[in-house]
Amino acid sequence: MEKENIGTEVEGVDALVIKYNLLKKEIGKVIVGQDAVVRNVIISILSRGHCLLIGVPGLAKTLLVNTIARTLGLTYSRIQFTPDLMPSDILGTEILDINPDSTQKREFRFIPGPLFGNIILADEINRCPPKTQSALLEAMEERAVTVAGKRYEMKNPFFVLATQNPIEQEGTYPLPEAQLDRFMFNVWLDYPSLEEELLVVKQTTSDHEAVVDVVLTAEEIIFYQNLIRKIPVTDNVLNYAVKLATNSRPSANGVSEEGMVNKYLSWGAGPRASQFLIIGAKCNAAINGKYSPDIEDVQAVAKPILRHRIIRNYRAEADGVTVEDIIDHLMA
């Protein structure tokens, strides 16, 4: 690598730290607490990943996504998923229209749906049927959709930030494993502390309205996304991340037959987890002002990346062993 490129990338990382701190400051005008959640969502955006936010109602999941969209200055679409939602409702549809060049000729014209934006809020994503959920798969993976045999590219940058209510099961459809694997992060939102909830109530029961400034443009986001992928990774960090994913697989090489993995897991994380662990570690290092990630950076993003990719068996549920317990065991 040339010295000029190295200098430019170092300056880019330094600038990213400043932008990240500004982002947190602007988001903090609206969102109280939830620092780890905000950090993970920003990491997923800068890593070109999608994020699944899971929490009970009233924890500001939708408000968080809306606030982040405002600070990034990107086009924002909210899709409220319902059991009767059809694929055409989110992808768009073709209509028979008159060609403006000829008053006699009619032709089909594609009308883009709400999925054609930069930040897509898939609110209560588990409420729509599998037919509509599958319509998201191509968009999330390929950044494009196919309608009536034609391929339409999504805007760049493109992110799906989905929310899900874990306690309500009536009228819901569990996300298939293939779709869950498309999400880089599975982020759990917990109840706020007493002090945080007092501040929330004070802010939301008065006439105060926070004004959020735009911190990053679409061009800057794309620049930082490319910058993060150029960050070098040492072999020991690369080996640690890959082994962390492979050791989650039952009966994998190096996993003891009597260990926790074989005892409590049905399936482990796939290769996409290894990729996300590295890119997530790069981004976590960059926003903390480091020019190369270490093992601590991999561990910082391990839980939200592995949480939805390893599947417990009945014995784990009977013994009260959580996914977080197994991930802690793998990292130890």
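Only residues that are under 26 Å from the mean Cα position of the chain (by Cα) and touching a residue at least 24 places away in the same chain (Cβ under 8 Å): list them for region 314-324, please. Quick ask: steps written out before the conclusion?
Kept after step one, since they are under 26 Å from the mean Cα position of the chain (by Cα), are these residues of region 314-324: 321-324.
Correct list: VAL321 only.
Of the conditions (1) outside any loop (DSSP other than H, G, I, E, B); (2) among the hydrophobic types (A, V, I, L, M, F, W, C); (3) touching a strand residue (DSSP E or B) at 6+ places or on another chain (Cβ under 8 Å); (4) within 21 Å of PRO176 (Cβ to Cβ), LEU137 satisfies every one except a single condition; which number is it?
Exception for LEU137: condition (3).
Among the listed residues VAL41, VAL17, VAL56, VAL65, which satisfies the condition of being touching a residue at least 40 places away in the same chain (Cβ under 8 Å), surrounded by fewer than 18 Cβ atoms within 10 Å (Cβ to Cβ) and closer than 20 Å to VAL215 by Cα?
None of the others qualify; the one that does is VAL17.
How do the pairs read when you match residues in region 104-119 that are touching a residue at least 24 places away in the same chain (Cβ under 8 Å) with residues anywhere that are surrounded by 20 or more Cβ atoms within 10 Å (Cβ to Cβ) and in a strand (DSSP E or B), using Cβ under 8 Å and keeping only pairs 6 or more apart or on different chains?
PRO114/ILE79; PRO114/ILE120; LEU115/ILE79; LEU115/VAL145; ASN118/PHE159; ILE119/PHE159; ILE119/LEU161
Determine whether region 219-240 contains at least one residue that is in a helix (DSSP H, G or I), outside the structural domain of ASN186 (by TED's automatic domain parsing) and within 20 Å of ASP181 (Cβ to Cβ).
Scanning region 219-240, I find no residue that is in a helix (DSSP H, G or I), outside the structural domain of ASN186 (by TED's automatic domain parsing) and within 20 Å of ASP181 (Cβ to Cβ), so the answer is no.
Quick one: would you say ARG315 is closer than 25 Å to GLY49 by Cβ and either at pLDDT below 90 or not in a helix (DSSP H, G or I) (or both)?
Considered against the rule, which asks whether it is closer than 25 Å to GLY49 by Cβ and either at pLDDT below 90 or not in a helix (DSSP H, G or I) (or both), ARG315 comes out as no.
Being hydrophobic (A, V, I, L, M, F, W, C), in a helix (DSSP H, G or I) and crowded, with 19+ Cβ neighbours inside 10 Å is the filter here, so list the residues in region 20-38 that pass it. Outline the logic, then answer.
Step one: of region 20-38, the residues hydrophobic (A, V, I, L, M, F, W, C) are 22-23, 27, 30-32, 36-38.
Those left that are additionally in a helix (DSSP H, G or I): 22-23, 27, 36-38.
Scanning region 20-38 gives LEU23, ILE27, VAL37, VAL38.
Checking ARG106 against (1) outside the structural domain of GLU177 (by TED's automatic domain parsing); (2) touching a Phe, Trp or Tyr at 6+ places or on another chain (Cβ under 7 Å): exactly one of these is not met. Which one?
It fails just one condition, (2).
Within region 177-192, work out how many residues are modelled with pLDDT of 80 or more and of a type in the set (S, T, N, Q).
Qualifying residue count, region 177-192: 1.
Considering every residue within region 48-57, establish whether at least one is over 15 Å from the mean Cα position of the chain (by Cα) and within 29 Å of GLY280 (Cα to Cα).
Looking through region 48-57, at least one residue is over 15 Å from the mean Cα position of the chain (by Cα) and within 29 Å of GLY280 (Cα to Cα).
The values are calculated or read from the model by the stated rules, or taken from the named source; none is laboratory data. Every value quoted in this text rests on a predicted model; they were computed, and no experiment measured them. Virtual Cβ from ideal backbone geometry, glycine too; neighbours counted across all protein chains shown.
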